[in-house]
Amino acid sequence: MSKLLIRNARLVNEGRVVETDVRIEDGFIAQIGQNLSDAGVNQSIDADGQYLLPGVIDDQVHFREPGLTHKATIQSESRAGIAGGVTSFMEMPNTVPNALTQELLADKYAIAAQTSLANYSFFMGASNNNLDEVLRTDPRTVCGIKVFMGSSTGNMLVDNEQVLASLFQQSPMLIATHCEDEATIRANTERYRAEYGDNATAALHPLIRNEEACLISSTLAVELAKQYNARLHILHISTADELKLFANDRPLTEKRITAEVCVHHLWFDSDDYKRLGNLIKCNPAIKAPHHKEALMTALLDDRLDIIATDHAPHTWAEKKQSYWQAPSGLPLVQHPLLLMLDFVQQGKLPIETVVRKMCHAPADCFQIDRRGYAREGYWADLVLVDTNRPTTVSKENVLYQCGWSPLEGHTFGATVTHTIVSGEQVYAQGQFLTHQSGKRMLFNR
């Protein structure tokens, strides 16, 4: 393992910004302080006053492998994430085949061990008929159980009330839920299909997958969690209506019910369908402008705990189909940190809050072992950001296998210059220095 010294950085960590050096040895942060010795160091980086952040932990991505590798692979999408400062990810089970058995889950870990540039974990999937398999999941080595309380993309809808109750009662670990009410969505789909037929556009998406669908399902999840004292984490909150379900009266580490907001629900709103159409069709839908404003407020006052991406790539050809045929999901894992740093530059978010919500909070929420913070003795997952160097998104610099981004043409005010994963410098000044460096995350449970 290399020994690396980062000099002259502005470290953003645990609510403070301090000028410091960081020494990394054998994968871990060995020392944080000023004027550190370079004895025995075989690599050094002069940060020259750039921000140094803990690596982003994205708790919700879809990397499509196995089965849908024409859209993406663990290698291609982890590579894109690394270029954007995402050093760790948790991937969803609605791959092909669905990760509904311990053996299929193990297959994904085996692929990541060979190909992932970022640290990794994979959710175990729940269905109406695999409760025994779910209960075999090891809380120490798997991030959580994923429950689709709404079908979304794939065939993993859990709508059996007895199964849901058993999951919430018996799960040995965090349950992460996709919350949209299937009956509401089906009724809305029939209504708008009858009204618009082949003339339907993506502007209908937030009307079909509406606020009511989200609130009904999220309310049920919260009620079940409270009834059984389950550890519930609701993914991609998209409405102002749902925010009443979440509290900010205690620290995250003491919450039994937590919530995530995704970057696209903070960045886009329904006015953007006219310009981007199916490119921003996703589940739950991007909704009216007042929702993203309410989500930002709830992020700042800690009703919303984590910022993630729900990165979900599809090919350009798939997205250019008609509204009814185009799949839901958009690729985002290369740019979430730059998105949030734009909000910092706009005065909407302090940079300390960005780090807390994207790095510290995922580590605390999932009880990740020695990641998410810049601390001596912790894994060295670190990102250097130059906030004086803009980045313009274009097809030429998008690294997703699908080859496109809904952010094309936008110029961010910052650039990720270096990414360090588990002590190894993986990315520097636009160049990848290794093809595999990620490690399996472990959890303190």
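The values are calculated or read from the model by the stated rules, or taken from the named source; none is laboratory data. Keep in mind it's a predicted model, so treat the numbers as computed, not measured. Neighbour counts are summed over all protein chains in view; Cβ atoms, including those assigned to glycine, are modelled from backbone coordinates with ideal geometry. Quick note on the areas: whole protein, heavy atoms, side chains included, nothing else; ligands and nucleic acids left out. Shrake-Rupley method; radii C 1.70, N 1.55, O 1.52, S 1.80 Å.
Out of CYS262, CYS282, report the one residue that is in contact with a Gly (Cβ under 6 Å, 6 or more places away or on another chain) and either open to solvent by 10 Å² or more (accessible area, probe 1.4 Å) or of a type in the set (A, V, I, L, M, F, W, C) (or both). Spell out the reasoning first.
Working: CYS262 fails: in contact with a Gly (Cβ under 6 Å, 6 or more places away or on another chain).
Going through CYS262, CYS282 in turn, just one is in contact with a Gly (Cβ under 6 Å, 6 or more places away or on another chain) and either open to solvent by 10 Å² or more (accessible area, probe 1.4 Å) or of a type in the set (A, V, I, L, M, F, W, C) (or both): CYS282.
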- Message: Regarding the stretch 71-79, can at least one residue be identified that is open to solvent by 40 Å² or more (accessible area, probe 1.4 Å), modelled with pLDDT of 95 or more, of a type in the set (S, T, N, Q) and farther than 27 Å from ARG370 by Cα?
- Response: no
- Take the stretch 375-410 and flag every residue that is part of a loop (DSSP other than H, G, I, E, B), touching a Ser or Thr at 6+ places or on another chain (Cβ under 9 Å), touching a residue at least 24 places away in the same chain (Cβ under 8 Å) and not polar (S, T, N, Q). ALA380, ASP381, ARG389, PRO390, VAL393, VAL398, LEU399, TYR400, CYS402, GLY403, TRP404
- Task: For the stretch 288-301, enumerate the residues that are closer than 22 Å to SER88 by Cβ and out of contact with any strand residue (DSSP E or B) (no Cβ under 7 Å at 6 or more places or on another chain).
- Result: none
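Looking at VAL158, VAL86, can you tell me which residue is of a type outside the set (Ser, Thr, Tyr), open to solvent by less than 10 Å² (accessible area, probe 1.4 Å) and farther than 30 Å from ASP386 by Cβ?
Numbers: VAL86 fails: farther than 30 Å from ASP386 by Cβ.
After applying the criteria, what remains is VAL158.
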- Which residue out of SER152, SER171, SER116 is modelled with pLDDT under 95, open to solvent by less than 50 Å² (accessible area, probe 1.4 Å), in contact with a helix residue (DSSP H, G or I) (Cβ under 8 Å, 6 or more places away or on another chain) and among the polar types (S, T, N, Q)? SER171
- Message: For the stretch 99-113, which positions are open to solvent by 60 Å² or more (accessible area, probe 1.4 Å) and over 22 Å from the mean Cα position of the chain (by Cα)?
- Response: GLU103
- Query: If LEU204 passes every condition in (1) within 21 Å of LEU157 (Cβ to Cβ); (2) in contact with a helix residue (DSSP H, G or I) (Cβ under 6 Å, 6 or more places away or on another chain) but one, which one does it miss?
  - Reply: (1)
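Might you let me know whether the stretch 296-308 holds any residue that is basic (Lys, Arg), assigned to a helix (DSSP H, G or I) and surrounded by fewer than 24 Cβ atoms within 10 Å (Cβ to Cβ)?
No, because not a single residue in the stretch 296-308 is basic (Lys, Arg), assigned to a helix (DSSP H, G or I) and surrounded by fewer than 24 Cβ atoms within 10 Å (Cβ to Cβ).
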- Among (1) among the aliphatic types (A, V, I, L, M); (2) touching a residue at least 60 places away in the same chain (Cβ under 8 Å); (3) open to solvent by 10 Å² or more (accessible area, probe 1.4 Å) - the single one ALA221 does not satisfy: (3)
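So is GLY409 open to solvent by less than 10 Å² (accessible area, probe 1.4 Å) and on the phi > 0 side of the Ramachandran plot or not?
Taking the combined requirement at face value, the residue does not satisfy it.
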- Query: Can we say ASP59 is acidic (Asp, Glu) and over 22 Å from VAL263 (Cα atoms)?
  - Reply: no
- Quick one: would you say GLY144 is open to solvent by less than 10 Å² (accessible area, probe 1.4 Å), under 25 Å from ILE306 (Cβ atoms), within 18 Å of the chain's Cα centre (by Cα) and touching a residue at least 60 places away in the same chain (Cβ under 8 Å)? yes
- For residues in the stretch 420-432 being surrounded by 15 or more Cβ atoms within 10 Å (Cβ to Cβ) and in a loop (DSSP other than H, G, I, E, B), which is nearest to the chain's Cα centre (by Cα)? SER422
- Note on the structure: Pairing a residue in the stretch 11-23 that is on the phi > 0 side of the Ramachandran plot with any residue that is loosely packed, with under 15 Cβ neighbours inside 10 Å, where Cβ atoms lie under 7 Å and the two sit 6 or more apart in sequence or on different chains, gives none
- Message: Please determine whether any residue of the stretch 16-26 is touching a helix residue (DSSP H, G or I) at 6+ places or on another chain (Cβ under 8 Å) and surrounded by fewer than 22 Cβ atoms within 10 Å (Cβ to Cβ).
- Response: yes
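Looking at TYR373, TYR323, which one is of a type in the set (Ser, Thr, Tyr) and closer than 30 Å to TYR196 by Cβ? Break it down into steps so the answer makes sense when it comes.
Values: TYR373 fails: closer than 30 Å to TYR196 by Cβ.
Of the residues listed, the single one that is of a type in the set (Ser, Thr, Tyr) and closer than 30 Å to TYR196 by Cβ is TYR323.
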- State which residue is farthest from HIS264 (Cα to Cα) when the search covers only the stretch 309-336 and only residues that are touching a His at 6+ places or on another chain (Cβ under 9 Å) and open to solvent by 20 Å² or more (accessible area, probe 1.4 Å). THR315
